[in-house]
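**Q** Next up is a structure, given as structure tokens.
The values are calculated or read from the model by the stated rules, or taken from the named source; none is laboratory data. Source: prediction; values computed, not measured. Neighbour counts are summed over all protein chains in view; Cβ atoms, including those assigned to glycine, are modelled from backbone coordinates with ideal geometry.
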């Protein structure tokens, strides 16, 4: 079989079957690709080599052992496969039902730890401070997430709105998206949550936002890097969910980490705004007073 005609599943099978025949350093590369397939369409050869702690030449050597002439040929198969991604709710439900009852908690615990590993690592940490600089310098901060991703966008908006006056949630209710982003420009910052399967409304929303030329931070578990090719920052938070829908765990953790870092790095303006917001909420009896 010509390598360019292989499916991602067949590549994974080749990686697994040939693993014991590879030199030690190539085994390290193979092990990383098997465990982090979602990164292959998202990142460059050098980026993945760095994350796997191997040399780029080792990764090239591996793909040649798989029958590819160039790394880009190998990567393109994963890009094309990711573009075909549709919903897999039934498949997810079937897999959950197939789990033995006495092993289901153990399986979920393992998954939850993997999900947190997608957030609690140096690669993500290195991206947070530049994002905070964009937050503090932005004229307006917009947060967008359609359908299943809306809960995540609402949660980040809920937290940021308590400490900054210029945070706006894009709701897209009753077809009002274009009105909501009408004043958006290059001085603004937009957070886009895009979880698989990416809906048609999400794709339309992203395309309309891109036309306004703001700075864009994409938080995703799927290949939408090609949809926002010039994203200011791409935060890939894993794609090995064993839950019915893509897990919110890494996205909630990232949002809380970002907000905590923003408070720590922010000035008195943020602290004063939080204090004023809290006072206003208390004055109108928003919270139940402890007995």
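**Q** What is the residue count in region 186-200 for residues that are in contact with a helix residue (DSSP H, G or I) (Cβ under 7 Å, 6 or more places away or on another chain) and surrounded by fewer than 22 Cβ atoms within 10 Å (Cβ to Cβ)?
**A** The number of residues fulfilling the criteria is 1.
**Q** Any chance region 77-97 includes a residue that's modelled with pLDDT of 85 or more, part of a helix (DSSP H, G or I) and at negative phi? Spell out how you get there, then give the answer.
**A** We begin by selecting, within region 77-97, every residue modelled with pLDDT of 85 or more; these are 77.
Pick out the ones that are also part of a helix (DSSP H, G or I) and you get 77.
Subset that is at negative phi: 77.
For region 77-97, residues modelled with pLDDT of 85 or more, part of a helix (DSSP H, G or I) and at negative phi: present.
**Q** Here is a follow-up. Looking at (1) over 26 Å from residue 261 (Cα atoms); (2) more than 22 Å from the chain's Cα centre (by Cα), which is the only condition residue 163 fails?
**A** (1)
**Q** Looking at (1) crowded, with 17+ Cβ neighbours inside 10 Å; (2) at pLDDT below 85; (3) out of contact with any helix residue (DSSP H, G or I) (no Cβ under 9 Å at 6 or more places or on another chain), which one does residue 246 not meet, given that it meets all the others?
**A** Result: residue 246 passes all but (3).
For every residue, the table says whether it meets (1) surrounded by 14 or more Cβ atoms within 10 Å (Cβ to Cβ); (2) in a loop (DSSP other than H, G, I, E, B).
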site	(1), (2)
144	yes, no
153	yes, no
184	yes, yes
206	yes, no
213	no, yes
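**Q** OK, next. Using the structure shown, decide if residue 221 is modelled with pLDDT under 80 and within 10 Å of the chain's Cα centre (by Cα). Don't jump to the end; show me each part of the working.
**A** On the way: modelled with pLDDT under 80: yes; within 10 Å of the chain's Cα centre (by Cα): yes.
Yes; evaluated as a whole, the condition is true for this residue.
**Q** On the given criteria, is residue 60 in a helix (DSSP H, G or I) and at pLDDT 90 or above? Let's see the steps before the verdict.
**A** Values: in a helix (DSSP H, G or I): yes; at pLDDT 90 or above: yes.
Yes.
**Q** Checking residue 53 against (1) touching a helix residue (DSSP H, G or I) at 6+ places or on another chain (Cβ under 6 Å); (2) surrounded by fewer than 19 Cβ atoms within 10 Å (Cβ to Cβ); (3) over 20 Å from residue 220 (Cα atoms); (4) touching a residue at least 24 places away in the same chain (Cβ under 8 Å), which single condition isn't satisfied?
**A** Only one criterion in (1) touching a helix residue (DSSP H, G or I) at 6+ places or on another chain (Cβ under 6 Å); (2) surrounded by fewer than 19 Cβ atoms within 10 Å (Cβ to Cβ); (3) over 20 Å from residue 220 (Cα atoms); (4) touching a residue at least 24 places away in the same chain (Cβ under 8 Å) is unmet by residue 53, namely (1).
**Q** Same structure again: Name the single residue, out of those in region 10-45 being part of a helix (DSSP H, G or I) and modelled with pLDDT under 85, that is nearest to residue 114 (Cα to Cα). If you could, list the steps in order and put the result at the bottom.
**A** Pass one, region 10-45, residues part of a helix (DSSP H, G or I): 10-17, 19-21, 24-35, 37-39, 45.
If we keep only those that are modelled with pLDDT under 85 as well, we get 34-35, 37-39.
Values: 34: 14, 35: 10, 37: 14, 38: 13, 39: 14 Å.
Within region 10-45, the match that is nearest to residue 114 (Cα to Cα) is 35.
**Q** Can I ask one more? Taking region 98-142 only, how many residues are outside any helix (DSSP H, G or I) and at pLDDT 70 or above? Even if it seems obvious, please write down each step before you answer.
**A** In the first step, residues of region 98-142 are kept if they are outside any helix (DSSP H, G or I); the result is 99-100, 118-121, 138-142.
Applying the additional criterion that residues be at pLDDT 70 or above yields 118-121, 138-142.
Qualifying residue count for the region: 9.
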